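Below is one structure, written out as structure tokens; comments come after it.
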Amino acid sequence: MENNIANISEMSNEQIMEAIGQDDGSSKGVNIPRLGINRSPEDDDGNQLPVGNLFTFDSSVGQNVYGKPITFRPFISAMQYMHYDPDKSEYVNRSIIFKNWKEEAVDILGGTKCGKVPFKDRESLTPEQLAEQRTIRCYRLLYGLLSFKGVKANGEEHTVSNLPSLWRVTGTAFSPVGTALEQITKRKKLMFTTTLSVDTKRQKKGGNVYYTPEISVNAEAGLEMSKEDMETLGVFQEVITKENTEVVDLYKAAKKSNYEPTDTDMKKVVDQVEDPIDVLAS
């Protein structure tokens, strides 16, 4: 698509650079901060970190901020299948991001759902195949605005306010998030008019300690979509569309040949998900 520079006085520097060929678009991309549960007792600098607290990266201070409970205003709910290979220590497959179970979740290797087999159809699988199934997970992706009073790694207080964020969950965190969204739907509310208050609970199974989210729903928040909110919603959808376009292109390529994704294709996936060791442990 050609860039129109007729109204250059009304364009931003970034738009002008793209229009005149100073920016070829190769560096463009939206990096949405992730919301997660901290499992590390300290950082690389030796700062003591609050294990079990929720955290996110806040670019305004250039570091992670920790705290609980947090308030999350959901805008978009979606899912995505991913396959982690523990022998290679990397993610080897991913599906499109889909919003309901009726969609066909095609993946980059030319299949669907990264090869995930329903529980009812697993009786004929070998022990090796069953073990592989445990490394294929369905993630729930919740895009929205994050707010909470927290602390930086050095203990200094910091408030996060309406930060566009992605909360990606799987395993023991998958159901609590789904249940909260079901409550919103049962009350016939649009999710972006509501808020979720999220805390964490310590769990222990054998020698494995982990934390699960505890969520309460404020379905009566009555929030309205501002112009800025609509723009944020558009950015979330743009990110999803870009990811799905890439996955579908790789899916088609795999169907035509024995294509295998490169390390570059998969690096982005590794950067965006939770620690695979923690995921498998949960």
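The values are calculated or read from the model by the stated rules, or taken from the named source; none is laboratory data. Quick caveat, the model's predicted, so the values are computed rather than measured. Positions of Cβ are generated from backbone atoms using ideal geometry, with glycine treated the same way; all protein chains shown enter the neighbour counts.
Listed values, structure above:
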item	result
Total residues in region 28-81, condition closer than 23 Å to Asn208 by Cα and not in a loop (DSSP other than H, G, I, E, B)	9
Residue match in region 194-210 (condition: modelled with pLDDT under 95 and either in contact with a His (Cβ under 9 Å, 6 or more places away or on another chain) or of a type in the set (Phe, Trp, Tyr) (or both))	yes
Tally, over region 60-89, of residues that are closer than 20 Å to Gly155 by Cβ and free of Cβ contacts under 8 Å to residues at least 60 places away in the same chain	2
Identity of the residue in region 88-112, assigned to a strand (DSSP E or B) and surrounded by fewer than 18 Cβ atoms within 10 Å (Cβ to Cβ), that ends up modelled with the lowest pLDDT	Glu90
Test set (1) over 18 Å from Ile76 (Cβ atoms); (2) among the β-branched types (Val, Ile, Thr); (3) outside any strand (DSSP E or B) - Val151 fails condition number	(3)
Criterion violated by Glu2 - all others in (1) over 30 Å from Ser226 (Cβ atoms); (2) among the acidic types (Asp, Glu); (3) modelled with pLDDT of 95 or more satisfied	(3)
Count of region 197-238 residues which are in a loop (DSSP other than H, G, I, E, B), charged (D, E, K, R) and surrounded by 10 or more Cβ atoms within 10 Å (Cβ to Cβ)	1
Residue that is surrounded by the fewest Cβ atoms within 10 Å (Cβ to Cβ) [pool: residues in region 114-144 that are hydroxyl-bearing (Ser, Thr, Tyr) and in contact with a strand residue (DSSP E or B) (Cβ under 6 Å, 6 or more places away or on another chain)]	Thr135
